[in-house]
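Asks: The structure is given below, and queries will be raised subsequently.
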Amino acid sequence: MDNQLDHMPVLSRGRHRNPKRGACFMELASYLAGERWSDHPACTHPLLAALARLVNDNTSDANRGRLVRLVPSIIDLASDDLRVDARIALRCATTALPVSAAERQLALAVSVLAAEEMLARLDGGPSDQQSSGRFGSIPFGSGPFSSVPLSEESQLAMAQVPHAAEQARRFSRAARITEKGFRRYAAPNAVQLSVVGIVQACISDPDTLLRNLLTGVIADCTALIRGTAAETPRLATPTRV
């Protein structure tokens, strides 16, 4: 596969009519999967594919070639399980939250709480009764939406932006979200906002953080869809500049 990748079109931004004009990340995936040339191939979960397109388009020309080796790993990662959407949204939001500008932090913190609530609901966890994690009890709405314990990754991310975290808790007391709304709006918005937040952050190497984010999301999807653990990179705290 690696030898084959060496002869593939050079990755570039945007859509391409055919391989002779170049390829984006997902177009190359469609080619390797034997599908019709497209940046929306059926072989990959739609939200994972959306993240891959965003990472491809927002990585610098000098570093985009580093993404090529990841392309085969997203083939046959497709599922209707909403937990996949929630895991993707959660990793994106927790990765971007600590480095994003202040004006984006509230929306990202709300995205963290929404993804945690959805995962708790889908996993049969205590989303309908008071619970508390090490970060404390996190209110999410009222009635069917109450408190859920945060995962370690969410605790760490929220702890770095205490003001936005507190605002998100207050906002979430009145929040209402359905599974359909989460899949169609909340999760895609979290992915979009996260990539923009990383690209515009005052950090020394956004390209590496974007690549590590995509690598981590692929590992999460592999574990959920195939039931096998893939290696997940440890994300060091980016250096602000």
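The values are calculated or read from the model by the stated rules, or taken from the named source; none is laboratory data. Bear in mind the structure is a predicted one, so any value in this text is a computation, not a measurement. Note: ideal-geometry Cβ built from the backbone for every residue, glycine included; neighbour counts use all protein chains shown. Note: accessible area is taken over every heavy atom of the protein model, side chains too, but ligands, DNA and RNA are not part of it. Shrake-Rupley method; radii C 1.70, N 1.55, O 1.52, S 1.80 Å.
Asks: Could you check the spin-label model distance between S60 and Q200? Points 7 Å from the Cα along Cα→Cβ, value in nm.
Replies: Computed distance between label sites S60 and Q200 equals 2.0 nm.
Asks: Roll a 1.4 Å probe over the protein chains and send me the accessible area per residue for segment 176-218 in Å². List each step's numbers first, then the result.
Replies: Details: 1880 Å² over 43 residues.
Per residue, segment 176-218 has 44 Å² of solvent-accessible surface.
Asks: So, one more: In segment 53-98, what is the volume of the convex hull around the alpha carbon atoms, normalised per residue and reported in Å³? Kindly include the intermediate steps, with their values, before the conclusion.
Replies: Working: hull volume 4.2 nm³, N = 46.
In segment 53-98, the Cα hull volume divided by residue count equals 91 Å³.
Asks: Taking 7 Å along the Cα-to-C-beta vector as the label spot, tell me the R226-Q192 distance in nanometres, rounded to one decimal.
Replies: Output for this residue pair reads 3.1 nm.
Asks: Okay, next question. So what are the ³J(HN,Hα) numbers for segment 66-78, from phi and the Karplus equation (6.51, -1.76, 1.60; θ = phi - 60°), rounded to whole Hz, Gly and Pro as x?
Replies: After applying 6.51 cos²θ - 1.76 cosθ + 1.60, I find 5, 7, 4, 5, 7, 4, x, 6, 9, 6, 6, 9, 10 Hz.
Asks: Under 8 Å for C-alpha pairs, at least 6 residues apart: give me the relative contact order for segment 36-83, rounded to a whole percent.
Replies: It comes to 56 percent, rounded to a whole number.
Asks: Under a crude label model (7 Å from the Cα following the beta-carbon direction), how far is D123 from I75 in nanometres?
Replies: 3.2 nm
Asks: Using amide H atoms built 1.01 Å from N in the peptide plane, name the residues 5+ places from L77, or on other chains, whose amide H lies under 5 Å from its own.
Replies: Answer set, sorted by chain and number: H45.
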